[in-house]
Amino acid sequence: MTVTEQKFWVVIPAAGIGSRMQADCPKQYLELQSKTVIEQTLSHFIHHPRIHGIVVAVAEHDSIWPTLKIDTDKPVYTVNGGAERCHSVLNALRFLKDKTKDSDWVLVHDAARPCLRREDLDKLMITMAQHPHGGILGVPVRDTLKRVDVACIIEDTIDRERLCHAMTPQMFHVGMLREALEKSIGEGVLVTDEASAMEYAGYSPLVVEGHGDNIKITRPEDLALASFYLASISDEAASDYDGLMADDG
């Protein structure tokens, strides 16, 4: 099927604390260009014509998320997150079970990754819509990588030729990803991203090359960098895929 014949959902795991940010609130609620980080992140999906709905997984006692006013006609659901990212995503997928077909697509995206380009999102959706297993956005590793011991003494240099940085969104069939996460968690494997769960289940996800400015805010200095990137990215008008992605009603 073409991309316009398929249904796409988004899951945003947002139950983390982000202790490395050294902030007085979780990093997804820090201010970024007059909005919170998570509002900037959500805007990429809220304004996309092919996204059917969004599920945000938040901490059980999150007092900030309910105060945000998300202006959209799309359904935005909230579920309780879990102890780890994989638990949060699985909770969201189980919530979606009665609202989706297993063949629908879900894009899992980091709450603290607000600089997603529309062209990268469209490229991922169009490419993965023709792929049996799904895949992720990523960028090639360009820096030289060193393996070090516990004392930070270099042991060897890693060949970077076939390495890439895994990013989000990570896009898979709803049913396939749910079963993969149930398998990995059930067997005590707490994966750190959705592609790892798919790999563990025996699938072969694809990597679609994106842009390096799709950063995840992790440390204090990342907030200023994200603000710079957001200011430099055009208003979602640069996508070469707009005609293919347009809502066909």
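The values are calculated or read from the model by the stated rules, or taken from the named source; none is laboratory data. Values in this document were obtained by computation on a predicted structure and should not be read as measured data. Note that we place each Cβ from the backbone using ideal geometry, even for glycine, and neighbour counts take in every protein chain shown.
Side notes on the structure shown:
- The strands (runs of 3 or more DSSP E) located wholly in the stretch 146-230 that include 2 or more residues which are in contact with a Phe, Trp or Tyr (Cβ under 7 Å, 6 or more places away or on another chain), modelled with pLDDT of 95 or more and of a type outside the set (Phe, Trp, Tyr) occupy 164-173.
- Verdict on Lys146 being basic (Lys, Arg) and within 18 Å of the chain's Cα centre (by Cα): no
- Filtered residues of the stretch 7-51 (kept if surrounded by fewer than 18 Cβ atoms within 10 Å (Cβ to Cβ) and within 13 Å of Asp104 (Cα to Cα)): Lys7
- Residue within the stretch 83-97 that is within 19 Å of the chain's Cα centre (by Cα), free of Cβ contacts under 8 Å to residues at least 12 places away in the same chain and either under 20 Å from Gly16 (Cα atoms) or buried (at least 16 other Cβ atoms within 10 Å of the Cβ) (or both) present: yes
- Selection count where residues are charged (D, E, K, R) and either touching a helix residue (DSSP H, G or I) at 6+ places or on another chain (Cβ under 7 Å) or at positive phi (or both), scope the stretch 53-93: 1
- Which numbered condition Gln40 fails, given (1) at pLDDT 95 or above; (2) of a type outside the set (Asp, Glu); (3) not in a helix (DSSP H, G or I): (3)
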